[in-house]
Amino acid sequence: MKKNINIVWFRNDLRVDDNPALFNAWKTSDQLIAVYFLSYQQDQYHNLGNNHKRLRLKALSNLKQKLAELNIPLLIIESQNYVSVVNDLHKICERLSINQLFFNREHAFNERTRDTQVTQKMQDTVFIRQYNGDCLVEPGSILNQAGLPYKVFTPFANQVRKILSGSELFCYIIPSPMPVENFQLLQEAKKTSKYQDCIKQTGFEDGCRVNLDMLEIQSVDLKTMLNTQQTIDEPRIDKPLIDVPRIDEIHLRGQLLDFVINNISSYEQERNFPNLESTSQLSFGLAVGAISVRRCYQIAKDREPTSSDCWLNELIWRDFYRYVMWHFPHVSKKRGFRSVDSNLVWSTNNEQLGRWKRGQTGIPIIDAAMRQLITTGWMHNRLRMITACYLCKNLWIDWRQGEVFFAQHLFDYDFASNNGGWQWCASVGTDAAPYFRVFNPANQQKRFDPEANFIKKWLPELANYNAKEIHNFESKAITDYYPIQTDLKYSRKLAIEHFKQAMT
C-alpha cells in the first residue's frame, strides 16, 4: 500500500505545542517531514534587524531539537525571494512524492499572496491544508452586524470575548513520537534516482543553499549565524553582542505560569511603570511563535479568571492588528489605514531623527527608552508609545521611519503589532489616537517614573541629579546634558495644525 507522506511548513509558528498544522499533519501521516524557508526578500521587506533574526535562529534550533525528539526531520532552505519559496516548495513536494502540505496562515499581504501562489501551483498534485495557528479567533470569522470588518477595537474585542466564552478554548497537544524510521525519510529519499537528479541540478532556485548530505538545520550553520553580529545601517551604541532571550518551549511555559501565579493580579496597576518588572516578557516567544497566543489565553483565564482581564485584553489587541492586516491589506504596504496619511507632509530633518535614534533628544524619558532599546533589543510598551508619539507629533517625522527603526532593533519585533502601534501613535491607523491627543513626555515621565529610577538606570550621566531636577528639564536645563530638541507645547500645536490642513 502506498504510504501517505505529508509535509508541514513552519513559518512564524516555531513550536510543537498547540500547533494545528503540525498536529494535523502528524495525525494523518504515515511519514512526515518539516520544512522552513529563510526568505531574504521577506526579511528585507519587513526591515528585520539582526536581533530578531538571531531570535528566530534560536527558535529554529530549539524546534529542530523538539522535532528530532518526535522523529520528524527538519529541512531548512535559504531562498532569495517569495517566488523561489513557491518553486522550491513545489520541487520538494514533487521529489519526495508528498501527498499533503500543512501550514498555519500568515496575515500580511505578501505572505498571503505567496500562499495563494503555492495553492495554485500545487492544486492538482498536493492537498493543501491551512489552519489558524496565530490568533485567538480566525480573522475571517468575525464581522459586524452589517457583515463588514470591525474598524474599532472595543466592539471587536467584545465579539472575541463572546466567542471565547461560548466554548472552551481548544489547544492542540504535542504529538507523540513517530516511528524512528520516519527520521530516515530524507536519507532514504536521497538514494532515489529522481532525487539524485534533483541534487545534481541544485534542485532549487538560484541562491538557495541546502546541505546535500543531511537535509536538516545544520545546512544554514545556525550556530555561526546566531552568534554573528552583522552590520545594519543604523546608529548603535558600541557594545558586546546582545544575549538572545531564552525562548525554548518548556521555559516559556514556566515563565507564563510564573507570571500568572505571581504577577497577573497586579498587572493592571503596575504595567505602565518601566522600572517595575511587571510584564510577562512573553513577547519574545510570541514574536516567533515559540508559544501560542491560545495557550497563553487558556492558562491565564483558567488559573486567574477574575484578575487576568487586563492582560488578556493585550492578547486581543495582538489579534486586532492581525485582523486589520487581514481585512485591510493596504496597511501591509507601508500605507496608513486612514486616507489622511497620504496628505501629510512630514519633516525630513535627518539630524533630528538621528538624535532620537541615539537617545540624545534632551528629554530624559525618551533618551532612557531609546538607550534601553539599542542596548537590550527591547523596550517597555508604555515607552514605545511615548517615544513613537514624540517622533511623529513633536518632531513631525514620518511614522514609517520609527517603524523601521524598531524593526531593526527589537528582539520581539512583530510586523502586525509594530505596524499597528506606530499607526495608532501617528493617528493614521484604525481606532487610532485622535490627532489632537499628543503625549507630553515630561508629564509621562513624572507619572510613570516619579523617582527617576528608570531614567537613572539608562542615563548614568544623570545619576547624581535628584528626581525633581530631572523632571524640571523644560524649565531649567540639566547641566552637561543634551539640549531639548524642540519646544513640546509649540510642536504639539504645530502637529495639530498639520493634521487639520491635511483633512481639509
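The numbers here are math on the coordinates, done by the rules we state, and not lab data. Bear in mind the structure is a predicted one, so any value in this text is a computation, not a measurement. Quick reminder, even Gly has a Cβ in these numbers, built from the backbone with ideal geometry, and neighbours come from all protein chains shown.
Some notes on this structure:
- Residue-averaged 222 nm ellipticity for the chain, from DSSP H runs of 4+ at -39500 (n - 2.57), nearest 500: -14000 deg cm²/dmol
- Peptides 390-397, 325-332, 121-128 ordered by average Cβ neighbours within 10 Å, highest first: 390-397, 325-332, 121-128
- 15 Å beta-carbon shell around MET122, net charge (K/R +1, D/E -1): +1
- 23 Å Cα-Cα threshold exceeded, pairs from LYS27/LYS58; LYS334/LYS393; LYS27/LYS53; LYS151/LYS333; LYS456/LYS476; LYS27/LYS64: LYS27/LYS58; LYS27/LYS53
- Residues of type aspartates and glutamates that LYS493 reaches as a straight line, Cα spacing below 20 Å, ignoring anything fewer than 8 places off in the same chain: ASP341, ASP398, GLU474
- Contour excess over end-to-end distance, with Cα ends at ASN443 and GLU168 and 0.36 nm allotted per residue: 94.7 nm
- Added length on full extension, which subtracts the Cα-Cα distance from 0.36 nm per residue, PHE328 to GLU461: 43.3 nm
- Those trypsin sites (Lys or Arg not before Pro) in the range 405-504 that DSSP places in a loop and that have at most 11 other beta carbons within 10 Å: LYS476
- Rounded tilt (10° steps) of 364-376 against the dominant C-alpha axis of the chain: 20
- Rg/Rh for the chain, where both radii come from Cα atoms and Rh is the Kirkwood radius: 0.99
- Between THR154 and LYS3, the FRET efficiency estimated from the beta carbon spacing at R0 = 51 angstrom works out to 0.50.
- With the highest mean first, a sort of the peptides 80-88, 477-485 on other beta-carbon atoms found within 10 angstrom per residue produces 80-88, 477-485.
- Per-pair calculated FRET efficiency, R0 = 35 Å: CYS310 and GLU138 via Cβ, rounded to 0.05: 0.90
- Dmax and Rg, reported as Rg then Dmax, of the range 421-504 (C-alpha, Å): 15.8, 49
- For GLY421, net neighbour charge (Lys/Arg +1, Asp/Glu -1) across residues whose Cβ lies under 10 Å away: -1
- Sites counted here are GluC sites (Glu not before Pro) in a DSSP loop (not H, G, I, E or B) having no more than 12 other Cβ atoms within 10 Å; the longest part of the chain that contains none of them is 278-450.
- Between 0 and 90°, nearest 10: helix 249-262 axis offset from the chain longest Cα axis: 40
- Mean Cβ neighbour count within 10 Å, used as a protection proxy, ranking 415-424, 377-386, 37-46 highest first: 415-424, 377-386, 37-46
- Neighbour net charge for TRP311 - beta-carbon separation under 9 angstrom, K R +1, D E -1: -3
- Rounded to 10°, Cα long-axis angle of helix 415-426 versus longest principal axis of the chain: 20
- In straight-distance terms, cross-link reach from LYS91 covers every one of the aspartates and glutamates whose alpha-carbon lies under 16 Å from its own, apart from those fewer than eight places away in the same chain; here that gives GLU78, ASP115, ASP124, ASP197, GLU205, ASP206.
- Taking the inverse of the mean 1/r over every pair of distinct Cα atoms in the range 236-388 gives a Kirkwood hydrodynamic radius of 18.0 Å.
- Unit Cα scatterers, Debye sum, the range 1-152: log10 I(q)/I(0) for q = 0.09, 0.15, 0.18, 0.21 Å⁻¹: -0.31, -0.83, -1.17, -1.49
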